[in-house]
Amino acid sequence: MRRVAVVGAGMTAFGEHFGLGIKDLVPMAVSEMATHVDKGLDRADIQAAWFGELTTTDGFPTGILADTCGLLDIPVTRVENACATGNDAVRNAMFAVASGAFDVVLVVGADKVRESSARATFWEWAGLTRDMAWDYPLGLVAPANFALHVARYLHESPATREHLAMVAVKNHRHAVPNPKAQLRYEITVEQALNAPVVVEPFRLFDCTPQSDGAAALLLVGEDVVDRYTDRPVWVRGVGLGLDRVMHQHKRDMTTFPPTVKAARAAYAMAGLGPADIDVAEVHDCFTGVELISYEDLGFAERFGAYKLIEDGTTTVGGSKPVNPSGGLKAKGHPPGATGVAQCVELFEQLRGEAANQVDGARTALAHNIGGPTAVSAVTILSSDRG
Amino acid sequence: MVALVALGTYLPPWGSARGRVAGPDEDALTLGVAAARAALAAAGLASPAGTADLEAVETAAAVGVRRVVFVTRELPLLVGGNAAALLAGIGLAADVAVVEQVGGAPAVLDALAGAAPGTLVVAADAPQAGQPAGAAAALVGPDDTAGPAGWVGVELVGRVVRSLPVHSQAVGEPAIRDYSDARLERERGVGVAVERLELAEKPVVAAGLAAKQAAALCAGSPPALPTLGASSALFAIAALHELGSGGVVLAAEQASATAVRVDGPPAAVRRDEPAPLAPEKVTRTPGPDIAISLPAYERAFDAKLRWEAGRCDACGTLALPPRRRCLACGSEAGWTLAPLPRSGEVYTAVTVHVPVPGMPTPYSLAIVELDGGVDVRALVKVTGARPGSARIGDRGRLVLRRVAVRSGVPDYGYALFPDTPAGSVAGEAATGTTEGAAR
C-alpha cells in the first residue's frame, strides 16, 4: 500500500450554531481546509470524498456534501459508525488512497445536534443505538450508557469522582486558548463535584455539551504530496474495533474492548506503540471515559489511569498530553465531526501550529468510541514518514 | 360451593399505613400479576423470588388454571387487550381463558362464588389520586377435593344490585364525579343494600366500606382492609386467615352488596406487602410520544413478559434477549424459550436525574447478574426503592412492571425490586407467609 498524508485541515468552530444549517457548516469546513493547504488546492483535483455524518438534518447527506461544496462530479460515500464515525471516515478514505485508486480525496465530518427540540432529541438519538423492544423503553439516555461502565469502573479501580472532576478541569483549561472550542472557560474541582447531577455518577461538568459543527481533511498519496505541502502529516495507522452491542452482554464493563482492538490494529499498522505517542485526542464524551481509555489505549496500566490525571501526565506540559484541544468535553461534540476534528487538531499539533501547542510533538493518536460503547476507531498520525 | 385453595395479596411499596399508591411503573395489570403470583406461591405453585425455582412457571401452567377473571375499574387498555400480558406476567399458558371485567368489591365476590373449577380471580385497584391501591387474587381448585394446602368452601349468601351513582365516571370523562352526600350514600346506598340482604348472621369482615361503617355492620371488630375497590373483597377473605375463623364476608359498593360465607379460615395465604415508603417526588417532562415498533413488540413479547431466555438448542447457553446466533457456540440451529431465575445481584447501577420526556425522573437503571449460575445479565429499571439506593452488590428480585407507555401502549417488562436492607427477600411482609394444611 502507498503511504498517505494529510496535507490540509480545517473546521468550523463547535457550538450551538442556531444560525447555520448543515448546508452552511459543511462548505465552511471544506473552504477552511482549502485555505490551509500550503501550496493551494484546486478543487478539481479532488477525486472522491467520504462524509461522516451520524444523523441527517436536511436530507440526503452525500448529495448535500457534493452540492454545497461544488463537487458534483466525484463519488461521495457516507460513513456512519456511531460516535466513531469521524475516524472511520478517515480510515476509509485512507485505504482508498493507499490502494492507488485515488490520489487526492476529501474527508468531511459534520453533525447538527441542536437542530431539533431538546425534548425530541433524546428519543431520536436513542433510536439510533438501542434495541427497540428491549432497551429503548428503559430511558437509557446517552450519559447513562457510559455511566453504567464508569460506575463499575469506580467500584473496581482506585479512581474516584474527584478524578473524574480533574479530567473536566484539565479539558476545560485546555479549551481556553482554542478559538474553535465551545466551552472556553476554566472550572474548579469543587465546581465539578458540586454541579447538578445528570446521571449519577456524572454531574454537569462530566458531560460533553450538545454541539453543531463540521471538519475537513485533505488526504493525498505519497506520490503527489509535494504538490500540496512540504510539511505533510502522515497517516501511519488506522484501526476499528467492535463489541457486543447490548450492555448486558459485555462481560467486563471496566474496559472498552473495541478501543483495545482498534488501538491494537492502528499500532500494528504504524509499527508504533503507546510509548511513541506524544499527544492524543481521546474520546471524552464523559470524563470517566477518558480515564478508562488511558488504559485501553495502553497509556496506563489496568486501574492505573487515575495516576496520570493526578500527576499531570496528561495535561499539556506533562509527558503525554491528552485532549489539548479541550476534547469533546470542552471543544464540543458534533458526533460525525468529532473524529475528523480530532485529526484537524493533531495535524496542527504535528506541524507546530496548534493553539495549545504540545512542544516537539511528532506522533499523535486520535480515538473515538460509540455505539454507545460497541465501536471504536483509532487513527495514528505522525510528522515522520515511517 | 367453590373450593378456595389459596389467596395472594400485593400492596405497592409506596404510601403510608393509611393507604398505598401505585408507583409510576405500576398499573392494575402489574398489581394484579403480583397478587396472582403470590396466590400461586401460596398454593405452592410458584415462587415470587424464583431463586432456585426455574420450573415454577411451568408448574403453575400445569396446575389446571383454566380461566382468569380479572376484575378492576382501571383496565390499562380498553381497546387492544390486557389478557395476553396478564397471562404472560402470571406465568399461565396462552390458551387460558381471560375475562376482563370492570367492577368493584361485590363483583369480585360474585366472580368467586360463581367461579368454575380452575379459576384464578384477580382483583386490582390502581385508582385515581386519593384512593388506596392494591391487588389480591384467589385460586379456585380444579375440583372440590384438590389443593396442596387444603381448601375452604365459599358459598353465595345473597346479592342485591341497585343504583345510586354518588360516584360516577361516564365513558370519555377524565375523572370521577362526586355527588358529595356521604349520608345519602351510607343510608340509602349501603344501608338499604345490606338491609335487603337479610343476613341471618352478621358479617365478620366488610369490604368496600370505610372502617367506621364496616365496624357498625360487622360482628366484633372487623380487621381494617388496605383497599376499598375490587381487591378489598379478597383482602377481606384473606383477613379470615389471621382471624382464624370462617364467617360471612360482605362486599359493598355504593348501593349494591354481595355476601358470601367462607366455611373456615383460608390456610394458604401469601402476602406480598412490603413496608411502605413515602412516595418519591417525581418530575414529569412533557414531550413527544415515545415511539413503539409493534413488530419488535410482538417478537419480544413472550420472552419479555414471561421472563424467559432463548436456550440454544445446540449447547444450552441462555441468551436474553433470545437471539439467532448463540453467544457461546455460534450455532444458528435454533433456540427454545426457557424460564429465567427471578433474583440476582447488581453488577452496575446508575441513576438518571436529567429530565427525560415521557418518563418520570429520577429513575435508576441496573445491570443484574441473575442467580442460579445461569450466566445471564439483564439491563432493567429499578423499582420499589428510592432512586440511587440500589448499589453494586445489592440483591433483589425481578418483577413485572410497566416500563414505559409508548404511544399509548403499556410496555411491560421486568424491573429489579431490591431486597430491603433488613429482610432477606424484598417485598415479603413482616407478617410473612403462612402456608399450611387446614384439613
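Observations on the structure shown:
- Note on B:237, B:290: ascending count of other Cβ atoms within 10 Å places them as B:290, B:237, the fewest first.
- Principal-axis tilt of helix B:294-306 within chain B, Cα atoms, nearest 10 degrees: 70 degrees
- Student exercise, the range A:1-100 dipole from Lys, Arg, Asp, Glu Cβ charges, in Debye to nearest 20: 400 debye
- Annotation: amide H of residue A:4 within the under-5 Å range of A:235, sequence separation 5 or more or interchain, hydrogens built in the peptide plane.
- Taking A:180, B:202, A:329, A:261 and counting other C-beta atoms within 10 Å, the order from fewest to most: B:202, A:261, A:180, A:329
- Averaged over peptide A:194-201, the number of partner chain Cβ atoms lying within 10 Å of each residue's Cβ comes to 4.
- Dipole magnitude for the protein assembly as shown: computed about the Cα centre from +1 point charges on Lys and Arg Cβ and -1 point charges on Asp and Glu Cβ, it is near 860 debye.
- Most to least packed among A:275-286, A:8-19 [average Cβ atoms within 10 Å]: A:275-286, A:8-19
- For the range B:92-163 and the range A:194-226, distance of Cα centres in Å: 59 Å
- Where both bridge residues fall in chain B, DSSP classifies roughly 75% of the beta bridges as antiparallel.
- Using alpha-carbon coordinates, inclination of helix B:28-42 to the longest axis of chain B, degrees: 90 degrees
- Interchain or long-range residues, amide H under 5 Å from residue B:396's placed H: B:344, B:419
- Per-residue average of Cβ from other chains inside 10 Å of B:297-306: 2
- Residue among A:233, A:316, A:224 with the largest mean-square fluctuation in a Gaussian network model of chain A, springs linking Cα atoms under 10 Å: A:224
- For the range B:166-178, putting each phi into the Karplus relation 6.51 cos²θ - 1.76 cosθ + 1.60 with θ = phi - 60° gives couplings of 6, 10, 8, 8, 7, 4, x, 7, x, 8, 6, 9, 10 Hz, in residue order, rounded to whole numbers and with x for Gly and Pro.
- Inter-chain Cβ neighbour average for residues A:118-125, partner chain, 10 Å: 5
- Rounded to the nearest Hz, the phi-derived 3J(HN,Hα) couplings of the range A:111-122 under the Karplus curve 6.51 cos²θ - 1.76 cosθ + 1.60 (θ = phi - 60°) are 7, 10, 6, 8, 10, 10, 4, 4, 6, 7, 4, 4, where x marks glycine and proline.
- Relative packing of peptides B:410-419, A:59-68, A:29-38 - highest average C-beta neighbours within 10 Å first: B:410-419, A:29-38, A:59-68
- Taking packing as the residue-averaged number of other Cβ atoms within 10 angstrom, the listed peptides B:4-15, A:96-107, B:318-329 run from highest to lowest as B:4-15, A:96-107, B:318-329.
- Put a plus charge on the Cβ of each Lys and Arg, a minus charge on the Cβ of each Asp and Glu, and nothing anywhere else: the dipole of the range B:101-211 about its Cα centre is then about 260 debye.
Bear in mind that the values in this text are calculations on the coordinates, not laboratory data. Source: prediction; values computed, not measured. Virtual Cβ from ideal backbone geometry, glycine too; neighbours counted across all protein chains shown.
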